Amino acid sequence: MADPKQWHIGLVGYGEVGRILAEDLRKQGVTVSAYDLKLDAPATAAALVAHARAHGVALAASHAELAARADFIVSAVTASQAVPVAQACVAGVKAGAFFLDFNSASPGAKQRAAALIDAAGGRYVEGAVMTSIPPYRIRVPLLLGGPSAAELAPLVNALGFDAQVSSDQLGVASATKMCRSVMIKGLEAMVIESFTAARHYGVEDAVIASLRETFPGIDWEKQAAYFFQRVIEHGRRRSEEVREVAETVREAGLAPWSAGGTAERQAWVADLADAGVFGARGTPEFARSPDWRTEADRILAQVNKD
């Protein structure tokens, strides 16, 4: 259909990103369906069902059922699931349907996913989200790549996206995202490691003062609080993404020493979060402390107990 607002849009993944997209699309009256593996487990399904009911989102029973409904599919899952989701959608994908892969996967993974969708008659487009989604919502800066990217870009922008074409070659957009993530996710891990250790030694104020002098454009107190919040809440997903980052570096012929360490630190914080070190998930105060010292002290208390 020429008018994208008449599309039936299918969201694979109904986590933070999927729910934001669903809300912003439904506000425009666009028909939206969603599927998430968490819908298959009673313990995790209730919150998703409640959100879908509140926003008028239809829930599908499987990837294939969702794909069979959709004119445009957005895959927004964890990095390791990018290719499996494409495989799972193949049985239902409509001829000519666009498949936008939002996932933080390596160029090689995107190319494997594209081969599956394109062979089934769909039109695969890789998407590289270039910053954190919540502040921007649907208008998050987005790079598109692949042979169908130029056709899809104006259509999704009519829906409120902020997309631009990176390349008609698959892998270029994701390589841009992955190489950026070496820095961004690495900086998150370094701040948590540096500031927590500095807190242990009582030198955090001196460290921050020195950083402020070297990088005067950054509010290190505010940035550190944000980094702690995001890694505590999303460290598991971030660690999977950085493993894809490491694969991207490896595909370039380099040993991913920095990315590998970042993935370990992100996963380590996720393990602490799962153990309840930062409080109960799902509560309003979880991963929302405005002072990074609160979370650093929790980490230190746990490691000293261990």
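The values are calculated or read from the model by the stated rules, or taken from the named source; none is laboratory data. All values reported here derive from a predicted model rather than from experimental measurement. Cβ: placed from backbone, ideal geometry, glycine included. Neighbour counts: every protein chain shown. SASA here: full protein model, heavy atoms, side chains in, ligands and nucleic acids out. Shrake-Rupley method; radii C 1.70, N 1.55, O 1.52, S 1.80 Å.
Structure values in brief
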item	result
Gap separating the Cα centres of segment 39-85 and segment 202-232, nearest whole Å	37
Contour excess over end-to-end distance, with Cα ends at Ser194 and His55 and 0.36 nm allotted per residue	45.9 nm
Label-to-label distance, nm, for residues given as Ala2 and Cys179 (7 Å Cα→Cβ offset)	4.0
The chain, helix-only ellipticity at 222 nm - DSSP H runs n ≥ 4, -39,500 (n - 2.57), divided by all residues, nearest 500	-18000 deg cm²/dmol
Cross-link pairs beyond the 31 Å C-alpha cut-off, checked among Lys110/Lys185; Lys94/Lys185; Lys5/Lys177; Lys5/Lys185	Lys94/Lys185; Lys5/Lys185
Label-point separation in nm, Lys222 to Ala275, each point 7 Å along Cα→Cβ	3.3
Antiparallel content of DSSP bridges confined to segment 121-188, in %, to 5	45
Portion, in percent, of the accessible area of segment 180-298 that falls on carbon or sulfur, probe 1.4 Å	57
Ala91 versus Arg212: modelled label distance in nm, points set 7 Å from Cα along the beta carbon direction	5.9
Glu295 accessible area, 1.4 Å probe, all protein chains in place, Å² to nearest 10	10
Rounded tilt (10° steps) of 204-214 against the dominant C-alpha axis of the chain	60
Relative contact order %, segment 75-219, counting alpha carbon pairs below 8 Å whose residues are six or more apart	18
Peptides ranked, highest mean first, by Cβ atoms within 10 Å: ranges 211-219, 90-98	90-98, 211-219
Within the accessible area of segment 58-103 (1.4 Å probe), percent carbon and sulfur	59
Charge sum, other residues only, whose C-beta stays under 11 Å from Val125's C-beta, Lys/Arg counted +1 and Asp/Glu -1	-3
Net lengthening on full extension, Leu187/Lys27 (0.36 nm per residue, minus Cα-Cα)	54.1 nm
Extension reserve of the Asn304-Leu254 stretch, reckoned as 0.36 nm per residue once the Cα distance is removed	14.4 nm
Candidate values (1) 61, 44, 32; (2) 68, 51, 47; (3) 82, 53, 29, label of the one derived for Cα extents along the principal axes in Å	(1)
Estimated FRET transfer efficiency when R0 is 51 angstrom, pair Thr294-Asn157 (beta carbons, to 0.05)	0.80
Segment 192-235: C-alpha gyration tensor shape, a/c 1.5 cut-off, then a/b vs b/c	oblate
Net charge, Gly15 excluded, C-beta distance under 12 Å - Lys, Arg +1, Asp, Glu -1	+1
Solvent-accessible surface (1.4 angstrom probe) belonging to Asp205, in square angstrom, nearest 10	100
Share, in percent, of DSSP beta bridges within the chain that are antiparallel, nearest 5	15
Per residue solvent-accessible surface (Å²) - segment 1-123, probe of 1.4 Å	39
